[in-house]
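Asker: First, the structure itself, so that you have it in front of you.
Each value in this text was obtained by applying a stated rule to the coordinates, not by laboratory testing. Model, not experiment: these values are computed from the prediction. Ideal geometry is used to build each Cβ from the backbone, glycine not excepted, and the neighbour counts take in all protein chains shown.
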Amino acid sequence: MRWSCARGGASSRWLGGVAATLLIGGLGIGGASAQSSVTPYDTGPRVPSTFSLIGNEPTSDAASQLVVAAAANNTSEVTGLLDTQTNPDEAEGYGRTALIYAAFNDNAQIAEALVAHGAKLDIRDKLGKTALHWAAERGSMDVLQVLLQAKASVDVQTVQGLTPLMLAARSGQVAAVRLLLQYHANPQMSDYTGRDALGWANNPSVVQALKVAEAR
């Protein structure tokens, strides 16, 4: 089943050449090496390399245009829509906003424009992940910096209790781990199974950074 953002054809033109790649299925966010499904505990994004728009339509044509433009990494379209007073916080069916898509793409220009237009930093998708979670997990350092400087909640937890630091540790994102620690992410927080960031780490440099932080 394919996702359609058209309402009487009004917004379909915004899909342009990306219509064939913005497909339904899976959980919608993943890296180039990701595979098909996500376990109930969500041990990592496992979906096709395309960052898919999934779920139901956003609540307005203007919002669907904004989300599609952000997903397509189209900075000029996003800024143009924001200048027409489009709500920066509208989301697609899985709760993912333009800011979350900016985090996936590591597009700091889009993230900065959204923040400047009042986008809420800590909106969660249906997995409980904020833009900061996705930036940390993806190693999207430019957007991670934008979000942290804008005072996004650094220790916010997903529905499984995972913090951005845990996701960065799990994904081996050394620079993201170090930056989050600089912004006082708590390395001693545990997810809902009792596992902390160090328990998720498998990269020696990440392990070392977390051990140093925990020893302070």
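Asker: Does region 177-216 classify as rounded, prolate or oblate by the C-alpha gyration tensor (a ≥ b ≥ c root eigenvalues; a/c under 1.5 gives rounded; else a/b over b/c gives prolate, otherwise oblate)? Before the final figure, lay out the partial values.
Answerer: Working: a/c = 1.78, a/b = 1.24, b/c = 1.44.
Since a/c reaches 1.5 but b/c is at least a/b, the shape of region 177-216 is classed as oblate.
Asker: Would you kindly state how much longer the chain becomes between residue 188 and residue 76 on full extension, computed as 0.36 nm times their sequence separation minus their alpha carbon distance, in nm to one decimal?
Answerer: Working: separation 112, 0.36 × 112 = 40.32 nm, distance 4.10 nm.
So the chain would gain 36.2 nm between residue 188 and residue 76.
Asker: Enumerate the calculated ³J(HN,Hα) couplings along region 98-104 in order (Karplus 6.51 cos²θ - 1.76 cosθ + 1.60, θ = phi - 60°), each rounded to whole Hz, writing x wherever the residue is Gly or Pro.
Answerer: 4, 5, 5, 5, 4, 5, 4
Asker: Also: How large is ³J(HN,Hα), in whole Hz, for each residue of region 121-131 in order, when computed from phi with the Karplus curve 6.51 cos²θ - 1.76 cosθ + 1.60 and θ = phi - 60°, using x for Gly and Pro?
Answerer: 7, 10, 5, 9, 7, 6, 8, x, 8, 9, 4
Asker: Can you figure out the FRET efficiency of residue 175 with residue 126, using R₀ = 22 Å and their beta-carbon distance, to the nearest 0.05? Could you put the intermediate results ahead of the total?
Answerer: Details: r = 28 Å, r/R0 = 1.27.
According to the calculation, E is roughly 0.20.
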